[in-house]
Amino acid sequence: MPTSWKRAVIHPIPKPKSPEFHPISLLSQIGQICERIVTWFLQSEATVRPNQLGCRAGVSAIDAARLAHHSSAVSASLKRSFAGIFLEIAKAYDRVHTGILFQKLSTNPTISPWLLRWIHTWLSDRSIAVRFQGCLCPFAQIRYGLPQGSPLSVLLFQIFIDDIPLGDVDLLVMDDCALFADKETSEGVYSALQSKLDLIEA
């Protein structure tokens, strides 16, 4: 695999009315075309739970809002207590441990060996450099994280978090998670939500 496919140049873009910068990652265009092809193959071999509604064909965050509203409406019609907790995985792509990710991929018997080899090579020996005010710093190797802006990173991240313990009515929209509870009393709801949080933290 060409080294240029595994390099990213980061352009810090100033945020409006903020001293902070938003990092924009530029990747090889030819490499991204190949990543889209690999993503297509991986989608046909690796399944993601149905309550993951982010970046999937035919569903969106609007569907997540509708499902949440439906669950609360059903609960209200039965005169039960209903509540939810909304979580966000901060710096989601940057915190992906690629070793753990590849282990999850390797234990999936439906993924072809050639696809595993390609992804392993693609994840290995990646490097980034920052370009700021016309100056490009030297490339530095990174050991963790998925490349921002890659179509393959979206699916790999979904696979990475697919084993988060969720109930049937809980939802994921990429790195956003919604936990819901429906009980006869408000105390029961709070207890159920706390149990879900404890299970995720375990």
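Every read-out reported here was derived from the displayed coordinates using simple, explicitly stated rules and does not represent laboratory data. These numbers were taken from a predicted model, which means no experiment stands behind them. Virtual Cβ from ideal backbone geometry, glycine too; neighbours counted across all protein chains shown.
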>> Please list, in order along region 126-138, the HN-Hα scalar couplings obtained from phi with the Karplus expression 6.51 cos²θ - 1.76 cosθ + 1.60 (θ = phi - 60°), rounded to whole Hz, x for Gly and Pro.
In response: 7, 9, 9, 9, 10, 10, 9, 6, x, 9, 10, 6, x
>> At 0.36 nm per residue, and after removing the present C-alpha to C-alpha distance, how many nm does the segment from Ser124 to Ser4 gain when stretched out fully?
In response: 41.9 nm
> So how do 124-134, 9-19, 138-148, 172-182 stack up, highest first, on mean other-Cβ count within 10 Å?
Replying inline: 172-182, 138-148, 124-134, 9-19
> To the nearest 10 degrees, how steeply does helix 61-77 sit against the main Cα axis of the chain, on a 0 to 90 scale?
Replying inline: 10 degrees
>> Test of understanding: extend the Cα→C-beta vector of Ile62 to 7 Å, then name every residue of region 164-197 with backbone N under 19 Å from that spot.
In response: 172-174
> Along the three principal axes, how long is the chain when you take its alpha carbons, biggest first, rounded to the nearest angstrom?
Replying inline: 61, 49, 33
> What are the lysines whose alpha-carbon lies under 23 Å from the alpha-carbon of Lys15, with same-chain residues fewer than 8 places away excluded?
Replying inline: Lys91
> How far, in degrees from 0 to 90, does helix 186-201 lean away from the longest principal axis of the Cα atoms of the chain, to the nearest 10?
Replying inline: 20 degrees
>> Given the C-alpha atoms of region 85-202, compute the convex hull and give its volume per residue in Å³.
In response: 137 Å³
>> Considering only C-alpha atoms, what is the centroid distance from region 115-131 to region 148-202, in Å?
In response: 28 Å
>> With angles folded into 0 to 90 degrees, how steeply does helix 151-160 sit against the dominant principal axis of the chain? Use alpha carbons for both and round to 10.
In response: 50 degrees
> What is the set of long-range amide H partners of Gly54 at a cut-off below 5 Å, with H atoms built 1.01 Å from backbone N?
Replying inline: Met174
> Is region 129-185 rounded, prolate or oblate when judged by the Cα gyration tensor, a ≥ b ≥ c being the square roots of its eigenvalues, rounded requiring a/c under 1.5 and prolate requiring a/b larger than b/c?
Replying inline: prolate
> Going by the alpha-carbon gyration tensor, a ≥ b ≥ c the square roots of its eigenvalues, is region 9-56 rounded (a/c under 1.5) or, if a/c is not under 1.5, prolate (a/b greater than b/c) versus oblate?
Replying inline: oblate
> ³J(HN,Hα) across region 21-31 via Karplus (A = 6.51, B = -1.76, C = 1.60, θ = phi - 60°), whole Hz, x for Gly/Pro?
Replying inline: 10, 9, x, 9, 9, 9, 10, 4, 5, 5, x
> Between Leu136 and Ser186, 0.36 nm times their residue separation minus their Cα-Cα distance comes to what?
Replying inline: 12.4 nm
> Hey, what did the chain get for relative contact order, percent, Cα under 8 Å, at least 6 apart?
Replying inline: 31 percent
